[in-house]
1. What number, rounded to the nearest 500 deg cm²/dmol, is the helix-based mean residue ellipticity at 222 nm of the chain, given -39500 (n - 2.57) per DSSP H run of at least four residues and division by all its residues?
2. Could the peptides 285-295, 70-80 be put in order, highest first, of the mean number of other beta-carbon atoms found within 10 Å of their residues?
3. Could you run the Karplus curve 6.51 cos²θ - 1.76 cosθ + 1.60 with θ = phi - 60° over the stretch 245-258 and give me ³J(HN,Hα) per residue in whole Hz, x for Gly and Pro?
4. Hey, what do the phi angles of the stretch 123-132 turn into as Karplus ³J(HN,Hα) couplings, whole Hz, using 6.51/-1.76/1.60 and θ = phi - 60°, x for Gly and Pro?
5. Which length gain, in nm to one decimal place, applies between N191 and Q380 when the Cα-Cα distance is subtracted from 0.36 nm times their residue separation?
6. Could you list, bin by bin from short to long, the percent of Cα-Cα pairs of the stretch 357-476 in 10 Å steps?
7. Can you compute the radius of gyration and Dmax for the stretch 15-342, using only the Cα atoms, both in Å?
8. Give me the angle, in degrees from 0 to 90, between the Cα long axis of helix 272-283 and the longest principal axis of the Cα atoms of the chain, rounded to the nearest 10.
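Just so it is clear, none of the values below were taken in a lab; they were calculated from the coordinates. Quantities reported herein were computed from a predicted structural model and do not represent experimental measurements. Positions of Cβ are backbone-derived with ideal geometry, glycine not excepted, and every protein chain shown enters the neighbour counts.
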Amino acid sequence: MQTLSMTHHKSLGDILRSPLRHMKWYKSKHHHPHHKSPKRDETVVGPQTYNVGEKDVVAHFMMGLTYTYSQSDFETDITNAVAAGVDGFALNIGNDYWMMSKLELVYAAADALSLDFYLFISLDMAVMADVSADTIVSYITTFASRTHQATINNCVLVGTFAGETLMLGGTSVNEGWQTNFKDALASKGVNAFFMPSWSLDANTIYQNYPVADGFMKWNAWPYFTSTPLSVAEDQIYLKNARSVGKKYMATISPLFFTHFTSKNYTFFSEGLWYQRWMDLITLQPDYIEVLTWNDYGESHYVGPTNYSADFPVDGQTSHAWVDAFSHTAIGRTLPYFISMYKNNTTGLPPDYDGARRLFFMHRIHSISATATSDPIGKPQNVENLQDLITLISFSPVGYNVRVSIGATVLGTVWMPAGVSSGSVSFSNKGVAVAGLPRYEILNDTTVVAVGYSPLAILDNSAVVQYNFNFCSGELVW
C-alpha cells in the first residue's frame with residue numbers, strides 16, 4: 001500500500017517531464033508545445049507575431065494584480081501556463097498609471113523565455129468606461145508588433161470585458177467601435193481582430209454588431225441558481241458565428257467566490273469544472289478561454305498562487321480566502337482536458353499508459369454553518385451550493401475510491417476507466433463531518449493507494465469566517 005501526502009506536490013512544471021506531456025495523444029494536431037514555427041506569423045503585423053491556432057486555449061490574466069510584479073514573476077506564470085498546456089494569456093487591463101510598464105514586462109518575459117506562447121490585450125471596459133478611444137488605441141499599437149503578440153488572420157487579436165454600452169464617441173456602439181477603434185488602429189497600420197465579451201442577446205449579437213470579428217461569452221457559472229450551467233447559449237453563439245463566418249470563444253471556470261464589502265456572493269460550482277469541459281469538448285467551439293489564471297479576488301484562479309501579486313482589498317484582503325487554498329491540482333487537469341478538446345475526444349486513448357490520477361476539490365465548511373466573527377457577513381447565494389467533495393479521474397482502468405473522515409465513511413465511488421467524475425457529501429443534514437478527508441484506492445478489497453486532502457473540513461461550530469473557496473489535491477499511483 002502506498003501512502004501519499006497531498007501537501008507536497010511536484011511543481012506544475014514537472015508535468016512537462018511527465019509521461020503525459022510526451023505521449024502521442026497529448027500532442028495536438030495543431031502544434032507541439034515547444035515547436036514555435038507553425039505559430040509564427042511572418043506576414044503583416046510584425047515579423048515575429050504569433051498566429052492563434054485552431055482550437056487554442058487561453059487563460060484570462062489579471063494585469064490589475066501585477067503592480068508588485070517583476071519580470072521574473074511574469075516568467076513564472078508563463079512557464080507554469082505552458083506546462084499546463086495553455087497557449088496564451090488574455091491580458092485584462094485597466095488604465096492604471098503603471099499599466100504600460102507592466103505590459104512591457106510581461107511581453108519582455110515572453111521574449112526572454114522564448115516559449116510557444118502568446119499574449120493579447122483584453123480591455124476591461126468596466127473600469128475604462130471613461131477612457132478616451134485614443135488612449136485605448138495606444139495600448140494596442142504599443143504592443144501590436146511584439147514577438148509574442150497574438151494574431152488571427154494576420155490581425156492583432158484584441159478582447160474586452162464588457163463595453164457593450166460604450167459608443168467611444170460614435171453615434172452607436174457598433175459605429176463608435178468601428179470608427180474610433182478599428183478604423184483608428186488601421187490608420188496607424190494595425191489591423192485588429194476584435195473579439196469582445198459583450199453581454200448581449202446571443203441570437204442577434206453577430207448580426208447587430210458586425211464590428212466584431214468574433215465574440216467571447218463571459219458567463220462560465222450558473223448565476224444565482226442551483227441549476228447546472230447549460231451549454232444552450234454556447235450552441236446559439238456558435239451557430240450564429242458559423243452563419244456569418246465569424247468566431248466564437250467559449251469560457252470555462254472552476255468556481256466563483258468573492259467576499260468583499262462591495263461584492264459578497266458565490267455561485268454553484270460543484271461539478272462545474274468537469275461538466276463544462278465535457279460539454280465544450282462535445283460542442284467544439286473555435287477557442288476556449290479559462291477564467292482565470294490568477295483572479296484571486298473571485299477565487300477562480302487555476303494557476304499556482306503567485307504571492308508576489310497585489311491581492312485585492314475591499315473591506316478585507318482576498319488573502320483571507322486564498323492563502324492555503326491551492327488550485328494547483330485543478331490546473332493539473334488542464335493538459336488532459338485541453339488535449340481532449342483539441343483532439344475531439346471525451347476519453348483517454350486506447351493505448352494510454354500514463355499515471356492513474358484522482359483529483360479532488362471541496363470547500364472546508366458546510367453551507368449551513370454560521371461564522372462567529374466574519375467582518376463582511378454571509379455571502380449571497382450560499383443556499384444554492386452543495387456540501388460535496390468532487391472527484392475527477394483519469395485512469396486506463398476503473399477502480400473504487402473510498403472517501404472517509406476519521407472513522408466515518410462518506411461514500412465509496414466507482415470511477416470508470418477513462419475520464420470520469422463523481423462526488424460524496426461531507427455533511428449529514430447540514431452538519432459537517434469534521435476532519436481531514438482520506439481517499440483510498442481499492443482493488444477489490446485491497447487498498448493500493450491512500451491520499452489526503454490538503455485541508456480539513458471544519459465542524460459547523462468552528463467556522464470563524466466564511467470561505468467558500470475550493471481547496472484541491474491529487475492522488476497519483
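1. On the way: 12 runs with 99 residues, N = 477.
Roughly -5500 deg cm²/dmol at 222 nm, from the helical runs in the chain.
2. Details: 285-295: 24.7, 70-80: 18.8.
By packing density, highest mean first, the sequence is 285-295, 70-80.
3. Per residue, the Karplus-derived 3J(HN,Hα) values read x, 10, 10, 9, 10, 7, 10, 8, 8, x, 5, 8, 8, 9 Hz.
4. 6, 7, 6, 5, 10, 10, 4, 9, 7, 5
5. Working: separation 189, 0.36 × 189 = 68.04 nm, distance 4.33 nm.
In short, 63.7 nm is gained.
6. Going out from 0 Å in 10 Å bins, the stretch 357-476 shows 14, 44, 28, 12, 2 percent.
7. 18.6, 56
8. Approximately 50 degrees, to the nearest ten.
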